[in-house]
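The values are calculated or read from the model by the stated rules, or taken from the named source; none is laboratory data. Since the structure is predicted, the reported quantities are computational estimates derived from the model, not experimental observations. No Cβ is skipped: glycine too gets one built from the backbone with ideal geometry, and neighbour counts run over all protein chains shown. When the accessible area is computed, the model is the full protein with side chains, heavy atoms only, and any ligands, DNA or RNA have been set aside. Shrake-Rupley method; radii C 1.70, N 1.55, O 1.52, S 1.80 Å.
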Amino acid sequence: MPPSLPPEPAAADRHQVDSSYAVLRLCITMVLMVVGASGMYVMAVVLPAVQAHFQVDRGLASMPYTLTMLGVGVGGLLMGRMADRSGIMRPLLLGGVCLGGGFIAAALAPNIWFFMAAHCVLIGLLGTASTFSPLVADTSLWFRKRRGIAVAVCASGNYLGGAIWPPIVQHFVDSVGWQQTYIGLGITCTLIMCSLALLMRARPPVQESGTTSARVGGGPRPFGLSPGAAQLLLCVAGVACCVAMAMPQVHIVAYCGDLGYGPARGAQMLSLMLACGVVSRLVSGAICDRIGGLRTLLLGSMLQGLSLLLFIPFDSLASLYIISALFGLFQGGIVPSYAIIVREYFPAAEAGQRVGAVIMATMFGMALGGWMSGKIFDLTGSYHAAFANGIAWNLLNLGIAVLLLTRVRGMRLRAA
């Protein structure tokens with residue numbers, strides 16, 4: 001009788017937390033994040049061309065970006081719920097079709113209002129929304145030992161997309177025009193996203209059964225507050241940090257054009273900013289694993305405020321390159337830290353919906369900041385007041401981080 005062969009490992013055994021499959025899945029996730037990021041960063045590059053094409057003011061030309069970010073925020077919740085019910089593959093397939101279709105529809109838009117609708121619904125609500133928040137939440141469920149760095153790698157895909165897309169899009173805008181560029185981008189995004197989505201069939205492994213965090217300040221009363229109050233503070237912090245974050249990210253291309261350096265220089269600065277953001281997110285993820293999400297948020301908020309302050313007195317070409325790099329290095333780890341904070345201080349069973357809510361708040365902050373900065377420019381004729389506005393919102397974020405950290409330290413002292 002021939003010797004029996006060892007049984008093949010079951011899929012359930014291969015698809016475990018911290019497994020090699022989880023690492024492979026993380027790599028696929030990062031590519032999906034890069035493609036999905038096009039919906040968030042391309043608009044900043046084409047903003048001057050769109051403003052000239054539709055003959056509108058800077059504030060109105062900034063509205064498609066604002067509506068896109070609102071769509072990404074709300075859509076993140078919707079797509080997250082779909083992923084909870086049927087797995088993440090279906091929302092990714094839907095997102096790939098809608099993201100690509102949105103770019104094509106925007107390219108064919110007869111007016112600015114149709115252009116806005118395509119960005120809000122197809123590119124934001126149904127397209128990019130299928131990648132950012134759902135993939136961050138999904139990644140947090142596949143890792144335990146190095147959750148911070150895993151979430152940071154996932155989130156860095158968004159900034160990597162921000163580094164890759166602006167120079168590519170600017171090149172094609174200069175060569176063939178923004179409309180043809182949008183059509184080509186739409187076809188590319190649909191093909192890549194739908195292909196990779198088919199590799200994401202597996203559902204996350206069952207999580208630990210514990211319902212409360214082991215951290216002091218976590219569990220039924222996060223930070224010693226009711227869950228609703230704690231969630232609200234995190235959401236306000238998310239809005240505040242991203243209103244500040246949106247100022248350079250959305251308007252650096254237009255700002256360089258106004259200073260006489262040309263939009264191509266601005267696209268290079270945006271690419272540099274977001275490339276440095278990739279480094280920042282990876283480093284911040286490692287820091288999160290050592291000092292926790294709350295302290296990482298505090299550190300990122302302090303450094304982001306400092307870099308925003310530098311934009312006001314320095315506007316030479318060389319200094320703007322340097323400050324853009326510093327801004328990227330300083331602020332990249334802020335948004336991923338919210339996902340880690342939720343996993344540390346809230347029950348694990350609520351992680352998906354609470355991560356989605358906080359990231360929705362950050363998207364609302366990006367939307368508000370993008371529009372507000374354009375409107376302030378229209379009212380004052382300068383971006384200096386817009387930078388000052390961003391600094392004020394950053395101080396609000398910093399204050400909330402200090403408040404939550406102070407409450408946790410007080411609870412730790414009482415428990416000692």
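Data table
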{"read-out": "Residue 121 - accessible surface, heavy atoms, 1.4 Å probe, Å² rounded to 10", "value": "70"}
{"read-out": "Exposure of residue 89 as accessible area (Å², to 10), given a probe of 1.4 Å and all protein chains", "value": "40"}
{"read-out": "Computed over the chain, Cα set: Rg, Dmax in Å", "value": "21.2, 88"}
{"read-out": "Segment 294-337: radius of gyration over Cα atoms, expressed as a fraction of 2.2 N^0.38 Å", "value": "1.20"}
{"read-out": "More than 15 angstrom apart: percent of Cα pairs within segment 152-201", "value": "60"}
{"read-out": "Shape call, segment 18-102: gyration tensor on alpha carbons, a/c limit 1.5", "value": "prolate"}
{"read-out": "Residues of segment 277-332: accessible area per residue with a 1.4 Å probe, Å²", "value": "39"}
{"read-out": "Extension reserve of the residue 306-residue 176 stretch, reckoned as 0.36 nm per residue once the Cα distance is removed", "value": "42.9 nm"}
{"read-out": "Fraction of accessible area attributable to carbon and sulfur, the chain (%, probe 1.4 Å)", "value": "69"}
{"read-out": "Highest-MSF residue in the chain out of 134, 313, 91 [GNM, Cα springs under 10 Å]", "value": "313"}
{"read-out": "Most fluctuating residue given options 184, 39, 162, as computed from a GNM of the chain linking Cα atoms under 10 Å", "value": "184"}
{"read-out": "Efficiency of FRET from Cβ geometry, residue 198 and residue 415, R₀ 51 Å, rounded to 0.05", "value": "0.55"}
{"read-out": "Cα gyration tensor shape for segment 102-261, rounded if a/c is under 1.5, else prolate or oblate", "value": "prolate"}
{"read-out": "The chain, helix-only ellipticity at 222 nm - DSSP H runs n ≥ 4, -39,500 (n - 2.57), divided by all residues, nearest 500", "value": "-27000 deg cm²/dmol"}
{"read-out": "Among 177, 235, 405 the positive-end extreme of the charge dipole of the chain (Cβ point charges)", "value": "405"}
{"read-out": "Cα shape, segment 171-320, gyration tensor, a/c 1.5 rule", "value": "oblate"}
{"read-out": "Only Lys, Arg (+1) and Asp, Glu (-1) charged, at Cβ; segment 107-214 dipole about Cα centre in debye", "value": "480"}
{"read-out": "Selected from 372, 200, 69 as most flexible by GNM, with the chain as the system and alpha-carbon contacts under 10 Å", "value": "200"}
{"read-out": "Spread of Cα-to-Cα distances over 5 Å intervals beginning at zero, given as percent, for segment 262-374", "value": "2, 12, 17, 21, 21, 13, 8, 4, 2, 1, 0"}
{"read-out": "Accessible solvent surface per residue of segment 46-116, calculated while the other protein chains remain in place, 1.4 angstrom probe, Å²", "value": "38"}
{"read-out": "Farthest positive-ward along the chain dipole, Cα basis, beta-carbon charges - from 154, 52, 40", "value": "154"}
{"read-out": "Residues in segment 27-62 that a label on residue 191 would reach, taking backbone N under 14 Å of a point 7 Å out along Cα→Cβ", "value": "none"}
{"read-out": "Distance between modelled label sites at residue 24 and residue 86, nm, 7 Å Cα→Cβ extension", "value": "2.5"}
{"read-out": "Residue (of 202, 371, 252) at the positive-pole extreme of the chain, dipole from beta-carbon charges", "value": "202"}
{"read-out": "Three semi-axes of the equivalent ellipsoid, segment 313-398, Cα gyration tensor, whole Å, largest first", "value": "31, 17, 9"}
{"read-out": "Charged-residue dipole, Cβ positions (Lys, Arg, Asp, Glu), the chain about Cα centre, Debye nearest 20", "value": "1220"}
{"read-out": "Rounded accessible area of residue 291 (nearest 10 Å², 1.4 Å probe)", "value": "70"}
